[in-house]
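The values are calculated or read from the model by the stated rules, or taken from the named source; none is laboratory data. All values derive from a computational prediction rather than experimental measurement. Quick reminder, even Gly has a Cβ in these numbers, built from the backbone with ideal geometry, and neighbours come from all protein chains shown.
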Amino acid sequence: MAEQVNEKKSVENLDEVTPIVTTTKKEKESKVGFFKKQKLKRAEKKKAKLEEGAKKEKLLRQTPSLLPFLQMHEEYILLKDGVMEIFQVGSKDLYSRNDEDLRFLLMGSARFYRSFSDDIKIIAMNFPSNTEKQKEYWLSKRDKTEDDIRLGFINRKLFELDFLEKERTNREFFLFIYAENEQQLSERRKQVIRDMQQVFPLQELSIQKKKDVLFVLNNQNTKV
């Protein structure tokens, strides 16, 4: 009797055991293929986002709110609270001048600062050397020259000009003037040109040059 009871219990225990479900090789391969497809899709989406971000120029949201510039015109730059203009200051070699010339430049500059009481800003910047005119001259000479000695000399000059453009910069000075409207700016423009004519004459800039000045001013770790 005891043996029969044990046999019944063992049979009941066998009925309660949960059957083990096994997957076939084909099912395993299908699951692996599914995960690989999902991984490839995620990789392709990530790559597409990176390429799209690289194409678009990133502009920080706070940049427009910080910069005061709105529009660039031929004779003025429109600001959020007025207008402004940029002139290039003609520089002079002060070390090669005598005491009388230096005194004249000093007095002329002092007279300008006393007469012009409105806001101004003088900025010094380094710009790459531009030797296009010199290279055009020597290139025209090279086209007309057949002498080997002169060709060697001209090629040496062209090499030096290329070196100056790549490795050297020019120190340039710029004068910023400000006004509330275009009419007021026009009057101040005439005044600064007239007062600075005898000491450090001002040169008007093209729109592209103004853009370069503002770009270098607000991106000082970059080059034009």
(request) Can you give me the number of residues within region 109-125 that are in a helix (DSSP H, G or I), touching a residue at least 60 places away in the same chain (Cβ under 8 Å) and not basic (K, R)? (result) 3
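Condition test on E136, is it in the same structural domain as F87 (by TED's automatic domain parsing), at negative phi and modelled with pLDDT of 85 or more? Full working, then the answer.
Values: in the same structural domain as F87 (by TED's automatic domain parsing): no; at negative phi: yes; modelled with pLDDT of 85 or more: yes.
Judged against the criteria, E136 is not a match.
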(request) May I ask you to say which residue of F173, F159, F163 is within 22 Å of S91 (Cα to Cα) and among the aromatic types (F, W, Y)? (result) F173
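Among the listed residues K211, K141, which satisfies the condition of being out of contact with any Gly (no Cβ under 7 Å at 6 or more places or on another chain) and not assigned by TED's automatic domain parsing to the domain that holds E85? Explain how you work it out, then say what you get.
Working: K211 fails: not assigned by TED's automatic domain parsing to the domain that holds E85.
The unique qualifying residue is K141.
How about region 74-88: which of its residues are of a type in the set (A, V, I, L, M, F, W, C) and on the phi > 0 side of the Ramachandran plot?
Of the residues in region 74-88, the ones of a type in the set (A, V, I, L, M, F, W, C) are 77-79, 83-84, 86-87.
Of everything in region 74-88, nothing turns out to be of a type in the set (A, V, I, L, M, F, W, C) and on the phi > 0 side of the Ramachandran plot.
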